[in-house]
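Colleague: Supplied in structure tokens, the structure appears directly below.
What follows is calculated from the coordinates using simple rules that are stated; it is not laboratory data. Just so you know, these numbers come straight off a predicted model, no measurement behind them. For neighbour counting, all protein chains shown are included, and Cβ atoms are generated from backbone atoms with ideal geometry for every residue, glycine included.
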Amino acid sequence: MNITLEDLIEKGGFVPPELVKKEVTWKDAKGGPATFDIFVKVPSAGTVDRHSQALKASGADVQSGFAPRPMLISATVFFDAEGKKGITYEKAFELKESLCTAIFLAVTEVINTQAEAAKNSQPPTSSGTNSSSTESAAEPLRKPKNASRTPKPPAGQSTETGTAL
């Protein structure tokens, strides 16, 4: 099937120009709830890649001084509906942990909502099998006798090989 740029635009293949209004609630310095609105620009593939490259280039460790949450906040959060009043990376880096987390959660909620909408708009894919055929159902599949299994690690031992940040 051929597709055109216009088709991709029509099908929602590009980041919408509109900002998404999100309410954020955070405990202020006095311990009371502070509720305010932010406007989130859904990040494009280019924005995500740019920030991923910056994260990799930083070494992504505590010593590097690079912080992905403030970076994402500075790239996507605005305090006005027109997208003119944002926050710099340097200022986002200085946010209190609780406020940074509250804003970051609002941003990821917007991103996840957009991703879920895109996922739900795609038609189901074919598994490549013909469900109307009864031939394959006549005999159950058997596991080969010499099939190897990967041994399980001892109880309490992790199988993860990555490093924690």
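Colleague: Going 7 Å from the Cα of Ala57 along its beta-carbon direction, which residues of the stretch 92-108 have the amide nitrogen within less than 16 Å of the resulting point?
Modeller: Of the residues in the stretch 92-108, none has backbone N under 16 Å from the label point off Ala57.
Colleague: Beta carbons within 10 angstrom, averaged per residue: use that to sort the peptides 39-47, 68-76, 12-20, 26-34, highest first.
Modeller: Ranking the peptides 39-47, 68-76, 12-20, 26-34 by packing returns 68-76, 39-47, 12-20, 26-34.
Colleague: Compute the orientation-averaged projected area for the stretch 18-120 from the convex hull of its Cα atoms and round it to one decimal in nm².
Modeller: For the Cα atoms of the stretch 18-120, the hull's average projected area reads 7.3 nm².
Colleague: I've got another one for you. Roughly speaking, what is the stretch gain from Glu82 to Asn112, that is 0.36 nm per residue apart minus the C-alpha to C-alpha distance, in nm to one decimal?
Modeller: Value of the extension gain: 8.6 nm.
Colleague: Place a label point 7 angstrom from the Cα of Arg50 along the Cα-to-Cβ direction, then list the residues of the stretch 83-119 whose backbone nitrogen is under 13 Å away.
Modeller: 89
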